Amino acid sequence: MGEQTEGRPQIVGFACSFCTFKASEMAGSLRMKYPDGVRIVQVPCSSRVDPAFVIKSIFDGADAVFVAGCHPGDCHFIKGNYFTRRKMAALKEMLDAFSMKEKLRLFWVSAAEARRFVQKVTALYDGIKEAAHADAGKRN
Amino acid sequence: MKTGIFICHCGHNIKHTVDVRKVRDYFSAFPNVVVSSDYPFVCSEPGQEMIRESIEKEGLDRVVIASCTPSLHDELFKDVLRKSRLNPFLLRRVGIREHCSWVGDDVARNTEKAIRLIRAGLYSAAHYVPLEEKMVEVTKSALIVGGGVSGLSAALFLSNMGMRVYLVEKGPVLGGHVRTLKDIWPIRKDGAAVVGEMEAELRESENVEIFTSTTVTNFEGAFGNYRATLHTPEGDREITAGGCIVAIGFSPFDATAKPELAYGKDGRVMTTVDFEQRADSLSLPAKPRVAILHCIGSRDEQIGRPYCSRVCCINALRTAEAVRQRYENSYVECFYMDVRAHPRGGEEFFEETQEKGALFTRGNVAEIIPGPKGLLVRGEDTLLGETFEREFDLAVLSVGMSPPADSAAIASLMKITLDKDRFFLEAHVKLRPYDTAVKGIFIAGTCSGPKDMEEAINHGRASGVKLYGFLSAGFAAVDPFVAVVDIKRCSGCRMCERACVAKAIKFDEAARVVHVEEAACMGCGLCNSTCPSSSIGLRGYIDSALDDEIAALVEAV
Amino acid sequence: MQTQAKEIKEGALEKGLNRFLGDEGCLVFGFEGGPVGVRHRIFKGAIDGHVLFNPYFDVNGALYLRRLFSKGAKIILMLRPCEIRSYVELVKLTQVEPEGIIAVSVDCPGTVSSKEKVADLPADGPGLAAYFKAEDKMRPACRTCRERRGVVGDAGVRIAADGSLWACSYTEKGDAFLGLIEGDPAAVPGMLLGESGAPKGPFHTDMAAFAKDFAPCIMCKNCRDVCPVCYCIDCLFNGDEYLPKGDALLNKVLRTGQGAMPQGREVFHLVRMFHVSQSCVGCGACEEACPQSIPLAAYFKGISERLQEMFGYMSGRNADEAIPYLTFQEDELHDAED
């Protein structure tokens, strides 16, 4: 399970080729900065993300996972992200039952929204870092 | 397995925050990695040559190139493998520029991230198998949506190259906004004449079909074979096109969004668009005082239009010139933030307009108050640093370009994206300004952002050239990343079939398994994640490859 | 919900089933009493030894129906509601050909684990209901049962408050079953078993408790193998990706340093939990089969109930109901978006 090294969260993110991944490319072109702990796996559509990948990511050591795709209604594959939303909502419900709801995030970023992409992943990273800090404080 | 890893410096773009030597050394010790090298520009001729030599000399069967983002130079690097007689799908691109060196400043951390990303690519590539590129026949025809000058320009080029063209215009006549312009600078022709020439040539062509008062109501298919429904006054018409160019133009900024300027409340306040029509019938007093306001609806954060609309300064100059020409004793004052007379001859035009008697005041107009004797224009003169209040008989607002009214509808219909300002988004702002993310759909003209008439005409032609390039061979390579079923493992539960958006999965009653109709498969992978045993897998993105990629991103370095 | 009902008078059920079994290719899949208690049995030709109730839970009978595709056999299922619900799920998943099958669910007052070796449970409906009035007498999975009543499938056998038995038809096929019982349709009286109450609260736990409960797991996969709705003919967890052995295991340990054995325990259960989330009926067959007495039912049932509840769905309720992951609405689940 996720053990942060020196307060540096590891985030695994799934980004769809046509929207979120494009936004992440643009973020790079614009030299926007975001934490290096955020690492992206490119998938053609967010609907390719199998809940097993999310569970596996967490148990391989990721502190959090995000699944990001086109805004519903704008999916390059027309309806893929509706299915993504169903499965990920259910998976979140399951993680919530295990008191792990914070470990999975679902959001939509279109190809033009480089800034939004950076905001989302940075907020996720900072949130995880703060939560771990608070936990450590409680333990000490 | 013999993998070669090639790490690009990209000049200093990657090298400056990633220790490429350290990365190279890290992978040299890996099992199955036979070559690990770095190079200033792997996309250059010598860089490509180096990779080719490595493949042939070492007998590589997997190639990992760590460089700029994978969507760049895709064909270029695949060709390197093809030339070495290695299947191009045994290549794995790893983006360590847009996704690493450019988004972090700490060298040690970026280096670690680069190592992780490359490791993920390495593990993933171990699962790659040679794939056959599918060749599909393409229809040598184009659908052009929008009959303004950029659409006309694209249509002319394509029809001259022998392609069948379907030109669709929503309005009753062709020509868009240019048709309404008079005495266009610098060609000194009326828009109607410009459009008339283009239209005449098109109507003479045998391979062009022009539809006016027509909209596109349905759009489906894939590159090379799009099917569209055109809703014409005579009924619906189905057409097939190999590609599509979206050229639906812009909407002039609606100045009522700035109520402080009294547009729409007083007839003495008009826009440059209005002025275009009414210049000859203004009925102004003998010594008219005319104010011309730049940047209306542009460079304005407050109303959500932060961008510059590129054409309005020249329009303001044209207006100033037109007033001075018609009214010898007129007082013309232009209120500007900057004068962006960017085209060739523009600066000279600016000088001439001043010589012809137009005054230029650098200032922000805060409001226009209509009164019985004239319009009171209030603002701040930013060079003198003082407020002003002057009376005018006429105020002309040089309005900017807003995105076209139908941009959202067309974007939804064709599954292309809009940018933050709601213009159409190009695939890459510098390297691919005519493409969209969807193969075979291009954009032209002002619908992708403010441009002047010349630029729009050029853009239209360029999109036409790109589309022609794609279709001229008569067939096209399609990515083989479609779903495939392992019939030994398929339980025949049909969940994938029910989920499939493209309806590309069919159930075989006799064998009790499903199979994929590859031509219809869009390659999203929804089936793969729906199947609990992953018996249906998406080529190029199979479970084992993605599983190892995930592990590689998180394991200790 | 009932279309028609008839009282089952003394001997009428046996008579009717025997008449059915008289025809070629007809079978009844139900229960048989015997020296070791009640077991599943498929009856051919005659219904000797048939008993209506099986208060000893060893397996979920729907397991045996998987990959039954021949249309030739005509089968009447007379099983417990959780088993009929599993059957309905298997029909939705194209794992059973329903054409020749009439599914009859029998009221189930509760069951004990077959491992408990409880002797001499009552054989009649009212007797069983009285015995199981004290909830702690029944299996944990039964205590939280969402549907004990024979109201699923094509028809049901219900226990009336006065102790009489009633056959109720819910579909056309159910009418055919009803037709086997002599007598006329009549108005049905009040029933003994009522609707199950809502679950006490959404299932909630944490990774520490989960790790502790599943620590004894030996990855025998019994739970998966006996689960009626774990239908994959080749499970994801058979391969080297999740649970490597031999060289693959060696490579993994050398690469990751993770050597706790057996590998992948937690991932296996969590992924399986998600995979069966919309089909699980909470029968607890998994827990019954676990050699390490892991409290599987609480987890699998708890999670599946939560995940079905969020879509207003209940597994096995209706063969025409779409599986939640195979459908969507354009405007929904905004709370899940971050």
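Coordinate-derived values only; no laboratory data. Every value quoted in this text rests on a predicted model; they were computed, and no experiment measured them. So basically every Cβ, Gly included, is an ideal-geometry build from the backbone, and we count neighbours across all protein chains shown.
Residue exposure proxy: B:Val554, B:Val107, ordered by other Cβ atoms within 10 angstrom of their Cβ from fewest to most, comes out as B:Val107, B:Val554.
Residues whose amide H comes within less than 5 Å of that of A:Ala64, counting only those at least five positions distant or on another chain, are A:Gln10, A:Val12 (H built at 1.01 Å from N in the peptide plane). Taking a ≥ b ≥ c as the square roots of the Cα gyration tensor eigenvalues, chain A comes out oblate, since a/c reaches at least 1.5 and a/b does not exceed b/c. Residue-wise HN-Hα couplings along region B:300-305, as the Karplus relation 6.51 cos²θ - 1.76 cosθ + 1.60 with θ = phi - 60° gives them from phi, are 10, 4, 4, 9, x, 10 Hz; Gly and Pro carry x. Over region C:207-326, what relative contact order in percent results from Cα pairs under 8 Å that are six or more residues apart? RCO, region C:207-326: 28 percent. Going by alpha carbons, how many degrees (0 to 90, nearest 10) lie between the helix axis of A:114-139 and the longest principal axis of chain A? Approximately 20 degrees, to the nearest 10.
Computed from point charges on the beta carbon alone (+1 for Lys and Arg, -1 for Asp and Glu), the dipole magnitude for region B:410-513 about its Cα centre is near 440 Debye. For the residues of B:416-426, the average number of beta carbons from a partner chain within 10 Å of their own beta carbon is 4. When the protein assembly as shown is described by a simple charge dipole with +1 on each Lys and Arg Cβ and -1 on each Asp and Glu Cβ, the residue from B:Ile457, B:Val136, C:Gln292 located farthest towards its positive end is C:Gln292. State, as an integer percentage, the relative contact order of chain C based on alpha-carbon contacts under 8 Å between residues 6 or more apart. Computed over chain C, the figure is 20 percent.
Fewest Cβ neighbours within 10 Å first, please rank B:Asp338, B:Asp266, B:Asp38 accordingly. Write out the running numbers ahead of the final one.
Values: B:Asp338 11, B:Asp266 15, B:Asp38 20.
Ranking B:Asp338, B:Asp266, B:Asp38 by Cβ neighbours within 10 Å, fewest first, gives B:Asp338, B:Asp266, B:Asp38.
Peptide packing: for B:327-334, A:17-24, C:200-207, the average count of neighbouring Cβ atoms within 10 Å per residue gives the ranking A:17-24, B:327-334, C:200-207, highest mean first.
Restricting to DSSP loop positions (anything but H, G, I, E, B) with no more than 12 other Cβ atoms inside 10 Å of their own Cβ, which trypsin sites (Lys or Arg not before Pro) remain in region C:125-184? Each step should come with its number before you reach the end.
On the way: sites: C:Lys133, C:Lys137, C:Arg143, C:Arg146, C:Arg148, C:Arg149, C:Arg158, C:Lys173; in loops: C:Lys133, C:Arg146, C:Arg148, C:Arg149.
When the trypsin sites (Lys or Arg not before Pro) of region C:125-184 are filtered for loop state and at most 12 Cβ neighbours within 10 Å, C:Lys133 remain.
Ranking C:Gly16, C:Ala46, C:Ala62 by Cα position along the charge dipole of region C:1-88, where only Lys, Arg, Asp and Glu carry charges on their C-beta atoms, puts C:Ala62 farthest toward the positive end. Take each peptide in B:224-231, C:322-329, C:116-123, count the other Cβ atoms within 10 Å of every residue, and average; sorted highest first, the result is B:224-231, C:322-329, C:116-123.
Restricting attention to region C:41-106, which trypsin sites (Lys or Arg not before Pro) occupy a DSSP loop and are surrounded by at most 16 other Cβ atoms within 10 Å? Sites meeting the loop and neighbour criteria: C:Arg67, C:Lys71. Computed from point charges on the beta carbon alone (+1 for Lys and Arg, -1 for Asp and Glu), the dipole magnitude for region B:253-391 about its Cα centre is near 300 Debye.
Could you work out the helix-only [θ] at 222 nm for the protein assembly as shown, with each DSSP H run of four or more residues adding -39,500 (n - 2.57) and the total divided by the number of residues, to the nearest 500 deg cm²/dmol? Present the calculation step by step, with values, prior to reporting the outcome.
Numbers: 29 runs with 319 residues, N = 1035.
My calculation for the protein assembly as shown gives -9500 deg cm²/dmol from helical runs alone.
Between A:Leu30, A:Leu106, A:His71, the Cα set farthest toward the positive side of the dipole of region A:11-139 (charges on each charged residue's Cβ, about the Cα centre) is that of A:His71. Take the alpha carbon atoms of region B:517-549, find their center, do the same for region B:255-328, and report the distance between the two centers in whole angstrom. After rounding, the separation between the Cα centres reads 57 Å.
Among the residues of B:541-551, the average count of other protein chain beta-carbon atoms within 10 Å of the residue beta-carbon is 6.
Suppose every K and R has +1 on its Cβ and every D and E has -1 on its Cβ; what is the size of the dipole of the protein assembly as shown about the Cα centre, in Debye to the nearest 20? The partial results should precede the final answer.
On the way: 124 positive and 137 negative charges, 333 e Å.
With Lys and Arg at +1 and Asp and Glu at -1, about 1600 debye.
In summary, the lysines within cross-link reach of B:Lys22, defined as a Cα separation below 23 angstrom excluding same-chain residues under 8 places away, comprise A:Lys33, B:Lys2, B:Lys113. Remark on chain C: C:Cys26, C:Cys108, C:Cys142, C:Cys145, C:Cys168, C:Cys217, C:Cys220, C:Cys232, C:Cys235, C:Cys280, C:Cys290 stand apart, with no other cysteine beta carbon under 4.7 Å.
For the peptides B:493-500, B:522-529, the ranking by packing is B:522-529, B:493-500, with the highest mean count of neighbouring Cβ atoms within 10 Å listed first. In terms of distances greater than 31 angstrom between alpha carbons, the cross-link table entries A:Lys22/B:Lys134; B:Lys506/C:Lys245; B:Lys488/C:Lys117; A:Lys138/C:Lys301 yield B:Lys506/C:Lys245; B:Lys488/C:Lys117; A:Lys138/C:Lys301. Exposure proxy ranking for A:Asp74, A:Asp126, B:Asp274, based on other Cβ atoms within 10 angstrom of each Cβ and starting from the fewest, stands as A:Asp126, B:Asp274, A:Asp74.
Which of the three applies to region A:24-63, rounded, prolate or oblate, going by the alpha-carbon gyration tensor with a ≥ b ≥ c and a/c under 1.5 meaning rounded? Mind dumping the intermediate values first?
On the way: a/c = 4.86, a/b = 1.56, b/c = 3.12.
Because a/c hits 1.5 or more and a/b fails to exceed b/c, region A:24-63 counts as oblate.
Among the GluC sites (Glu not before Pro) found in region B:117-210, those both in a DSSP coil and sparsely packed, with 10 or fewer other Cβ atoms within 10 Å of their Cβ, are B:Glu132, B:Glu206. Shielding of peptide A:74-81 by partners, expressed as the average count of other chain Cβ atoms within 10 Å per residue Cβ, is 6.
Using Cα-Cα distances under 8 Å and only pairs 6 or more residues apart, what relative contact order does region A:11-139 have, in percent? Display every interim value, and only then the final one.
Working: 195 pairs, mean separation 45.2, N = 129.
Relative contact order comes out at 35 percent.
Please state the shape class of region B:348-397: rounded when a/c is under 1.5, otherwise prolate if a/b exceeds b/c and oblate if not, all from the C-alpha gyration tensor. Oblate.
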